[in-house]
Amino acid sequence: MRHVAILLVLILGVPACRPSAEPEELAADQLGQTELADRGPEEATAAAAIGPSASPTPLATATPNPPSPTAQLVTTQVSTADPSDSARLLRGRTVAPAPPGSTVPTSILFVSTRDGVPDLYRMSEDGTGQVRLTQNGRNNDWPSWSPDGQQIGFLSSEVGGDRALAPTHLYVMNADGTGSVDITPHLDQLVESLAWSPEGQRLALVANPAPEEGAFAGTNVFVVNRDGSGLAQISHMEIGSVGCWSPTWSPDGSRLAYVCRALMSVGIVIASADGAETWGMDYWGQINRVFWLPSGDQVGFTDGVCGRVGVISAEFLLTNGASSPGPWPCLDQDFEALEANLDSPYRVVWSPQLDTLFAVQTAESIQIVDLARYAITVAALRSDPLSGPPSWSPDGSHLAFAAEGGNDSEIFVLDLMSQAVVQLTDNDVEDLMPAWQP
């Protein structure tokens with residue numbers, strides 16, 4: 001394993017950006033999954049175990065040996081301009097301090113096609129000890145750790161046929177790859193995304209009842225217990241509407257925020273975790289995704305009135321709902337001051353620790369926006385929009401991401417302190433969708 005230390009170069013001047021793509025454009029991924037939400041039955045029976053997957057098998061090339069890299073540039077820019085009101089607002093929000101870091105090394109999950117079909121693999125933070133976790137003869141992708149780091153949720157579909165139309169199920173397995181269980185066995189829909197609740201006992205998912213309808217499938221948000229019981233439909237959009245998608249949990253696990261779109265309007269919705277109560281705000285335009293920020297005070301969003309990224313008070317959404325057009329605080333002024341090139345920001349991932357820190361993945365780079373220091377760090381590696389979102393380390397000091405590593409996608413890690421980029425995988429197939437263990 002060779003670490004690639006990248007010289008810190010201070011620059012000023014990165015091109016401006018344009019608004020991000022429509023949700024249906026953002027949704028399509030390399031392995032046939034999407035990020036739009038779903039619609040499903042009102043009730044479902046308990047999950048059916050399909051039996052544990054085979055014991056994980058270490059790969060023959062357990063210790064990768066990355067090639068000599070091409071020129072890879074990491075730069076940091078610090079702005080002397082005045083921050084926007086939105087940036088000041090986020091600076092004033094406090095987040096409970098993180099517990100002392102564990103001395104136990106964590107793992108990074110990723111998806112690889114090295115054994116013929118997309119399967120889940122696990123490796124150490126330095127890329128060693130790569131182990132295959134799923135060996136069930138299905139397409140397996142979109143891995144997500146439970147908050148305690150003991151279980152893994154992922155999406156799985158049958159091999160063959162059109163993956164964009166085939167039913168996809170949500171599975172949960174142990175961290176070592178054993179005990180794989182289909183927790184949506186009777187939801188005969190295309191499951192498109194998943195999100196663990198903060199306490200790790202529930203998962204929100206997005207399912208598509210009519211993928212052949214394209215953008216007008218009427219997708220909806222569901223919540224299910226980690227054992228497959230208690231499947232509940234939270235949103236209720238009909239086929240013919242775009243539907244609901246992008247569920248994100250409040251830090252206390254009591255509520256969900258998500259996006260819903262009818263034919264001519266779109267809105268952010270906040271619902272109680274059981275769907276019994278909802279608060280919504282309409283916006284005439286487009287919103288692609290929402291994110292509940294770590295403090296719980298703000299909900300972030302991409303596209304829409306801001307064109308790229310903005311934030312809105314969760315309390316405002318709860319107390320005003322659709323009765324007021326509301327403020328839509330944008331961070332565009334900050335991006336201009338930082339001269340940030342956020343062309344087509346198809347992935348935005350907030351730090352697990354700070355309201356003021358988030359990563360933006362574009363077609364040409366990974367960018368980390370730090371509104372507290374009023375700085376932006378740019379890793380100029382080409383990143384494929386189909387390779388899954390970046391993933392923060394638990395303490396927010398590193399970022400794992402998939403980027404072009406020759407003619408295919410490889411997994412890299414950026415150290416924000418040293419500004420070193422480390423390549424963790426090296427082969428002739430696709431390695432993508434990294435997920436850092438909590």
*In terms of the Cα gyration tensor, with a ≥ b ≥ c the square roots of its eigenvalues, is segment 112-156 rounded because a/c is under 1.5, prolate because a/b exceeds b/c, or oblate?*
oblate
*Which order do peptides 406-414, 145-153 fall in by mean Cβ count within 10 Å, highest first?*
406-414, 145-153
*asked:* Apply the Karplus curve 6.51 cos²θ - 1.76 cosθ + 1.60, θ = phi - 60°, to the phi angles in segment 80-86 and return the couplings in whole Hz, x for Gly and Pro.
replied: 9, 6, 6, x, 5, 4, 5
*Assign one of three labels to segment 315-416, namely rounded, prolate or oblate, based on the Cα gyration tensor with a ≥ b ≥ c the square roots of its eigenvalues; rounded applies when a/c is under 1.5, prolate when it is not and a/b is larger than b/c, and oblate otherwise.*
prolate
*asked:* Could you derive backbone 3J(HN,Hα) for segment 160-171 from the dihedral phi with the Karplus parameters 6.51, -1.76 and 1.60 (θ = phi - 60°), listing whole Hz in sequence and x where the residue is Gly or Pro?
replied: x, x, 8, 5, 6, 10, 7, x, 10, 10, 9, 10
*Backbone HN-Hα couplings from phi across segment 213-220 [Karplus 6.51/-1.76/1.60, Hz, Gly and Pro as x]*: 7, x, 5, 10, 7, x, 5, 9
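None of the figures in this text is laboratory data; all of them are computed from the coordinates on show. This one's a predicted model, so the numbers in the text were calculated from it and none came from an experiment. For neighbour counting, all protein chains shown are included, and Cβ atoms are generated from backbone atoms with ideal geometry for every residue, glycine included.
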